[in-house]
Amino acid sequence: MENLDISIEDPRWATLDFDAVALRAVHSALTHQNIPTATAEISILACDDARITTLNAEFRTKPRPTNVLSWPSEERAATGDGGVPTRPSAGPDGLIELGDIAISYDTCMAEALAAAKPAADHVTHLIVHATLHLLGYDHETAQDAALMEGIEVEILGKLGLDDPYRES
């Protein structure tokens, strides 16, 4: 995917081969949603808890760390609960600007450890999740959550990963 811009602020991400994990996750999510990966644009910031806390405070007024944040380039949410979001379209330059993602090493690794999951699997899930947010999916209502989680499970299953919502 040519238009995936990855900025790694925290060098600990190198232990995970973050570029490969992110590319696989984004490519899988976009392909599943029939979005052409050659023209889709996404930026990902791989940071730490300090940085994501600042971003979370600035953009969501929640001054605490979180695992992943996303900023869609435009509003694509469905008009009704459980509905399919508006499909993104290409701009005059032929590119489909989807938005930005930030992901925190500290929180992701702590969550993976607590759930006894491989870190790469957990990070893959979170990037798939964030990519779906860029496409207009959310989990604000039970119907929206069921739709989004079902899509995540399908994508992860195609990657050979377990359902992250199933209790062990």
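Just so it is clear, none of the values below were taken in a lab; they were calculated from the coordinates. Because the structure is a prediction, the values reported are computed rather than measured. For neighbour counting, all protein chains shown are included, and Cβ atoms are generated from backbone atoms with ideal geometry for every residue, glycine included.
If you take all other residues with their beta carbon under 13 Å from the beta carbon of Pro85, and give Lys and Arg +1 and Asp and Glu -1, the sum is -4. You can think of it this way: the chain between Ala20 and Gln143 has 41.1 nm of extra reach, that is 0.36 nm per residue less the Cα-Cα gap.
Across the chain, Cα-Cα pairs more than 21 Å apart make up 46 percent of the total. Over region 1-145, Cα pairs under 8 Å with separation of 6+ residues give a relative contact order of 30 percent. Between Arg87 and Arg64, the simple label model (points 7 Å from Cα in the Cβ direction) yields a spacing of 4.0 nm. Rounded to the nearest whole Hz, the Karplus-based 3J(HN,Hα) values (6.51 cos²θ - 1.76 cosθ + 1.60, θ = phi - 60°) of region 51-60 follow the sequence 5, 6, 5, 4, 5, 5, 5, 5, 9, 10, with x at glycine and proline. Among beta bridges identified by DSSP and lying wholly in the chain, the antiparallel ones come to about 30 percent.
Relative to the Cα centre, the charge distribution of region 1-111, modelled as +1 at Lys and Arg Cβ and -1 at Asp and Glu Cβ, gives a dipole magnitude of about 320 debye.
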